[in-house]
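Worksheet: one structure, shown below.
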Amino acid sequence: MVGLYQFQNCYGCLYADYSPYGVGFFQTLMCFKKQKKAYLDLNENFSKQTYFRVMDQGFIVVQETYCCSEFEARTPKIGYRG
């Protein structure tokens, strides 16, 4: 049996997302850990306008490789990168 492992950094975190304005190859993410509920409400049917409202509530800028004690594994169809 092959084991499954996961890097516990912001790139794979449920609360981190890229800016809709674009980023470079290895840049920053927006961390929404301070507003988890609002971010998790962005499911597969959200509009960019709704996403901008969540962004306006504030976020923390982190690098993709940052490791956080509040890490939760990313699930499909949440946030901007789905």
Residue count, segment 44-82, condition closer than 15 Å to Tyr18 by Cα, hydrophobic (A, V, I, L, M, F, W, C) and either surrounded by 16 or more Cβ atoms within 10 Å (Cβ to Cβ) or in contact with a strand residue (DSSP E or B) (Cβ under 9 Å, 6 or more places away or on another chain) (or both), comes to 7
Cβ-Cβ under 6 Å, sequence separation 6+ or interchain: first residue in segment 41-60 and touching a residue at least 60 places away in the same chain (Cβ under 8 Å), partner part of a helix (DSSP H, G or I). Which pairs?
none
If you check every pair at least six apart or on different chains, which have Cβ atoms under 8 Å apart with a residue in segment 11-24 that is hydroxyl-bearing (Ser, Thr, Tyr) first and a residue that is at pLDDT below 80 and loosely packed, with under 14 Cβ neighbours inside 10 Å second?
Tyr18/Arg81
Of the residues that sit in segment 1-60 and are polar (S, T, N, Q) and at pLDDT 90 or above, which one is nearest to Gly79 (Cα to Cα)?
Gln35
Is there a residue being at pLDDT below 85 and either touching a Ser or Thr at 6+ places or on another chain (Cβ under 7 Å) or of a type in the set (Gly, Ala, Ser) (or both) anywhere in segment 72-79?
yes
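The values are calculated or read from the model by the stated rules, or taken from the named source; none is laboratory data. Note that this is a predicted model, so its numbers are computed, not measured. Using ideal geometry, Cβ is built from the backbone for each residue, glycine included, and neighbour counts are taken over all protein chains shown.
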